[in-house]
Amino acid sequence: MPSEPLIELVLVGGGGTSADVLAIVDDINREAPRYRVLGLLDDALAPGSLQFGVPVLGGLSDAPRLLGNGRLVDCLGSPRSNARREALLQAKGLAGLPFASLVHPRAVVASSADLGEGCIVYPNVVLLARVRLGRHVTVLANCVLNHDVRVDDFGILASGVNLSGRVQVGRAAYLGCGCNVREDIRIGEGALVGLGSAVVRDVPPGTVVAGVPARERPSA
């Protein structure tokens, strides 16, 4: 039986997340060849140059012209810029294009979990019963999402985040490395939770919290 054709990928963004994604793709392909990376798009890098060993194809707005039958991979997002990620994709004409979801083979994903389009799940992540990830959610290494957790579109969980049961993370929120969130907590849209925080109260939309226990901090 002939093998399935490889899915062609174009990475959006040339920062550290794209380096991680290339490693994830390599590990997936080591299990069974599935993807071929054509290159990446970044407005700050020179077309034709190399970034992490793959060619820079152009800027973000070149995606509709370059994608063909492939899929994009959302490698954007940082603690201070994540709330603007969706608007950037829309402004550059990428919002209606197909995005791949990538799950590392060493992630544990319950059969009842559900992942939206454009998600990236790093190694050693655990997604337990009825976890729901929206579109363009990134979950970095060693995160644990317990039963009935929901992370809305464009949320990012940095390495080692632990979400207890029924936690709800709002759209485009960013949770820093190693933070722990008590059961039933709601983290509002666009909120930023500092690394190592212990979140024991709801976090209002657009606020910055940090500490043990987490308290509101001034925005930088």
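Read-outs throughout are calculated quantities, based only on the coordinates presented, and are distinct from any laboratory measurement. Predicted, not measured: the structure shown is a model, and the values here were computed from it. Every residue, glycine as well, gets a Cβ built from its backbone with ideal geometry; the counts of neighbours run over all protein chains shown.
Data table
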{"read-out": "Cα Rg, Dmax, region 105-220, angstrom units", "value": "12.6, 41"}
{"read-out": "Projected-area mean, region 155-202, by convex hull of Cα positions, square nanometres", "value": "2.5"}
{"read-out": "Region 83-120 residues near the modelled Arg65 label - backbone nitrogen below 13 Å, point 7 Å along Cα→Cβ", "value": "none"}
{"read-out": "Region 87-121 versus region 51-86: alpha-carbon centroid distance in Å", "value": "13"}
{"read-out": "FRET efficiency estimate (nearest 0.05) - Cβ-Cβ, Arg215 to Asp26, R0 41 angstrom", "value": "0.50"}
{"read-out": "Kirkwood hydrodynamic radius over Cα pairs of region 49-158, then Stokes diffusion coefficient at 4 °C and 1.567 mPa s, in µm²/s", "value": "87"}
{"read-out": "Most mobile listed residue (Ala44, Ala63, Ala100) in the chain, GNM with C-alpha springs under 10 Å", "value": "Ala44"}
{"read-out": "Per-pair calculated FRET efficiency, R0 = 45 Å: Ser3 and Ala46 via Cβ, rounded to 0.05", "value": "0.80"}
{"read-out": "Kirkwood hydrodynamic radius of the chain, from inverse mean 1/r over distinct Cα pairs, in Å", "value": "17.6"}
{"read-out": "Cα-centre dipole for region 1-122 with unit charges at Cβ (Lys and Arg positive, Asp and Glu negative), debye to 20", "value": "160"}
{"read-out": "Region 60-103: trypsin sites (Lys or Arg not before Pro) falling in loop per DSSP and having at most 12 other Cβ within 10 Å", "value": "Arg80"}
{"read-out": "Point-charge dipole on Cβ atoms (K/R +1, D/E -1) for the chain, about Cα centre, debye to 20", "value": "380"}
{"read-out": "Relative contact order, percent, the chain [alpha-carbon distance under 8 Å, six or more residues apart]", "value": "11"}
{"read-out": "Net length gained if the chain between Val200 and Arg36 were fully extended (0.36 nm per residue, minus Cα distance)", "value": "54.7 nm"}
{"read-out": "Rounded FRET efficiency, nearest 0.05, which uses the C-beta distance separating Ala110 from Asp184 and R0 of 22 Å", "value": "0.65"}
{"read-out": "Degrees between helix 16-31 axis and first principal axis of the chain (Cα, 0 to 90, nearest 10)", "value": "70"}
{"read-out": "Antiparallel bridge percentage (DSSP; both residues within the chain; nearest 5)", "value": "10"}
{"read-out": "Sum of -39500 (n - 2.57) over DSSP H runs of 4+, divided by residues of the chain (222 nm, nearest 500)", "value": "-3500 deg cm²/dmol"}
